[in-house]
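Shown next, in structure tokens, is the structure this report addresses.
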Amino acid sequence: MATEPTTSPDEASSDAPAGDFEALFVQSARRVTSFDGAITLHELAPSTLIFSDRPDRIVGHLTTKQFIEGWGHGENSFLDDPPNAVLSFSITTRVHPRMSSSPSPTRGWIGRG
């Protein structure tokens with residue numbers, strides 16, 4: 001992606017090559033709508049959380065614009081191999097997770113309310 005995530009000092013000496021790790025991403029929005037197989041996030045947070053699992057435990061942020069612009073870049077890009085996605089939302093005190101895959105983001109996500 002477009003920026004380097006940060007690592008905590010005790011993991012900075014990891015044997016993993018810099019920039020070579022499997023990452024998970026988290027995006028937050030105030031509301032979501034769906035229509036005809038498309039999910040639209042509204043009032044999307046300006047940053048996307050990026051993190052990895054053991055052994056590196058890398059964590060950082062990308063701007064949401066950087067996340068979307070990087071969608072089709074590099075080997076094994078999300079454009080070539082759409083990621084799995086979890087949509088988790090709450091109504092009052094109940095949480096309702098849903099699983100899907102995301103073949104392509106829409107630029108309309110950025111800055112839309």
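The values are calculated or read from the model by the stated rules, or taken from the named source; none is laboratory data. Just so it is clear, the model here is predicted, and its values are computed rather than measured. For neighbour counting, all protein chains shown are included, and Cβ atoms are generated from backbone atoms with ideal geometry for every residue, glycine included. Note: areas computed on protein heavy atoms with side chains; ligands, DNA, RNA excluded. Shrake-Rupley method; radii C 1.70, N 1.55, O 1.52, S 1.80 Å.
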- Query: Any idea which residue in segment 44-62 is least open to solvent (accessible area, probe 1.4 Å), counting only those that are free of Cβ contacts under 8 Å to residues at least 60 places away in the same chain and within 14 Å of A29 (Cα to Cα)?
  - Reply: T48
- Item | Hey, F21 at pLDDT below 85 and either touching a Lys or Arg at 6+ places or on another chain (Cβ under 8 Å) or open to solvent by 40 Å² or more (accessible area, probe 1.4 Å) (or both) or not | yes
